[in-house]
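Single-structure report; data block below.
The values are calculated or read from the model by the stated rules, or taken from the named source; none is laboratory data. Please read these numbers as outputs of a predicted model, since none were measured by experiment. As a convention, Cβ positions derive from the backbone with ideal geometry for all residues, glycine included, and neighbour counts pool all protein chains shown. To get the accessible areas, we keep the full protein, side chains included, count just its heavy atoms, and leave off ligands, DNA and RNA. Shrake-Rupley method; radii C 1.70, N 1.55, O 1.52, S 1.80 Å.
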Amino acid sequence: MHSRTKLTVRYAETDQMGIAHHSNYPIWYEVGRSDYIKMFGTSYSEMEKSGVMTPLMNLNCNFKLPAFYEDELIIRTKIITLTAARIVFSYSVKRIEKDGTETELGYGTTEHAVVDAKTFRPCNMKKKLPELYERISKVL
């Protein structure tokens with residue numbers, strides 16, 4: 001199961017050549033990740049209120065083709081690894097072409113720890129957010 005987040009490349013995200021700067025990909029990943037979590041009936045802010053945060057441990061971006069100003073993009077997001085204390089997301093960034101087809105521009109992953117919001121020490125997501133953990137586990 002994956003989420004599909006639609007974005008349009010904004011002028012502020014481009015360089016002098018009209019190409020989306022590589023630093024935008026982690027931001028687009030975050031938008032996709034937030035949409036993915038919402039599919040399970042919660043949000044990052046609700047997770048934080050429950051006492052759980054998911055700081056970034058690792059980021060990987062692979063670039064194939066450039067995105068340009070005003071390109072319509074789809075960010076496909078899914079979880080590929082889930083343990084009690086770690087989550088790995090996978091992303092694919094695709095341009096929606098004029099004919100409706102999609103061209104992959106890049107892909108990547110982010111790895112996140114599951115930590116207590118007050119202490120930032122690793123915690124057990126199975127215990128802190130058992131319903132969310134179970135819902136996500138079922139679709140992997």
(request) Starting from region 60-81, keep only residues that are without any contact (Cβ under 8 Å) to a residue 60 or more places away in the chain and of a type outside the set (Val, Ile, Thr), then list their pairs with residues that are surrounded by fewer than 18 Cβ atoms within 10 Å (Cβ to Cβ) and assigned to a loop (DSSP other than H, G, I, E, B) whose Cβ atoms are within a distance under 8 Å, requiring at least 6 positions of separation or different chains. (result) Cys61/His22; Phe63/His22; Phe68/Gly18
(message) Can you tell me which condition Ser45 does not meet? The list is (1) over 14 Å from Leu105 (Cβ atoms); (2) surrounded by 13 or more Cβ atoms within 10 Å (Cβ to Cβ), and all the others hold.
(response) (2)
(request) Would you mind finding the one in Tyr44, Tyr107, Tyr25 that is at pLDDT below 95 and within 13 Å of the chain's Cα centre (by Cα)? (result) Tyr44
(request) Identify the residue in region 101-140 that is assigned to a loop (DSSP other than H, G, I, E, B) and touching an Asp or Glu at 6+ places or on another chain (Cβ under 7 Å) and, among all such residues, is farthest from Lys49 (Cα to Cα). (result) Cys123
(message) Suppose the filter is charged (D, E, K, R), surrounded by 17 or more Cβ atoms within 10 Å (Cβ to Cβ) and at pLDDT 95 or above; does Lys94 pass it?
(response) yes
(message) Checking the structure you have, find out if any residue of region 121-139 is of a type in the set (Gly, Ala, Ser) and surrounded by fewer than 18 Cβ atoms within 10 Å (Cβ to Cβ).
(response) yes
(request) All but one of (1) touching a residue at least 24 places away in the same chain (Cβ under 8 Å); (2) open to solvent by less than 80 Å² (accessible area, probe 1.4 Å); (3) more than 17 Å from the chain's Cα centre (by Cα) hold for Asp15, so report the exception by its number. (result) (1)
(request) Identify the residue in region 48-59 that is within 18 Å of Ile80 (Cβ to Cβ) and touching a Phe, Trp or Tyr at 6+ places or on another chain (Cβ under 9 Å) and, among all such residues, is most open to solvent (accessible area, probe 1.4 Å). (result) Leu59
